[in-house]
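The values are calculated or read from the model by the stated rules, or taken from the named source; none is laboratory data. The structure displayed is predicted, hence computed values, not measured ones. Because the Cβ atoms are built from the backbone with ideal geometry, glycine has one as well, and the counts that use them run over all protein chains shown. All accessible areas refer to the heavy atoms of the entire protein, side chains included, with ligands and DNA or RNA removed. Shrake-Rupley method; radii C 1.70, N 1.55, O 1.52, S 1.80 Å.
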Amino acid sequence: MSAQDSLTVLTYTQNAPPKVMAKQWLHLYQQGPVWVRPMVLSGTLANGYLAWSCSEGDQQRLAYVAALAVFFATFPLTLAHFEPGINGACKWKVESLLASDGFSLQASNGFPSPFRHSATESSKKWADSASIAELVASWGRLNHVRWVMSLFAAAASGYATFCF
């Protein structure tokens, strides 16, 4: 899903008017937690269970633990880096573009949310100086990191399952 989001969002930067692009990105971004959280959580828990229950040896267990760690790492990466950075900048820019249409996001309550502001001051400045197309393209490129992490985790889990 992350790979598809990264590829889809990059097509937005080619032809869509800024307000349309802002709406499209926001919709795509707000759908992420609905699907991604359960997938990451299930991948983490499944690999944890497999690591705990495997009887084939330390290398198999290590592969499952590696998969578990990489799957789980997407949460802190998103919360600590993406949310105050590129996600926050994009949400800040979306609100500024759609404010004339009556759109606004709620202020942050201290917990990251796709429906609340999360940008740091430097991310806000970046959003103010960049176009939505530049921000969305940056988001797409950075989002590749998460699907590569998931691919690595799936490969490690598959290796543990099929090679031992």
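Tabulated data
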quantity: Length added when fully stretched, LEU79-ALA107, from 0.36 nm per residue minus Cα-Cα; calculated: 8.4 nm
quantity: In Å², nearest 10: area of LEU45 left accessible to a 1.4 Å probe; calculated: 110 Å²
quantity: Probe 1.4 Å, all protein chains present, accessible-area order of TRP126, TRP35, TRP52, largest first; calculated: TRP52, TRP35, TRP126
quantity: Segment 60-114: C-alpha pair distances exceeding 18 Å, %; calculated: 50 percent
quantity: Top of SER118, SER129, SER55 by mean-square fluctuation, Gaussian network on the chain, Cα under 10 Å; calculated: SER55
quantity: Highest-fluctuation residue, VAL34, VAL20, VAL65 considered, GNM on the chain with Cα pairs under 10 Å; calculated: VAL34
quantity: Segment 12-67 and segment 89-164: distance between their alpha carbon centers, rounded to Å; calculated: 14 Å
quantity: Solvent-accessible surface (1.4 angstrom probe) belonging to ILE132, in square angstrom, nearest 10; calculated: 10 Å²
quantity: Axial C-alpha extent at least 24 Å, average Kyte-Doolittle at least 0.5 - helices from the chain (DSSP); calculated: 58-77, 132-162
quantity: At R0 = 25 Å, FRET efficiency that the Cβ-Cβ distance of LEU10 and GLU121 yields, to 0.05; calculated: 0.35
quantity: Solvent-accessible area of SER104 with every protein chain in place, 1.4 Å probe, in Å² to the nearest 10; calculated: 80 Å²
quantity: Accessible area per residue in Å² at 1.4 Å probe, computed on segment 43-164; calculated: 53 Å²
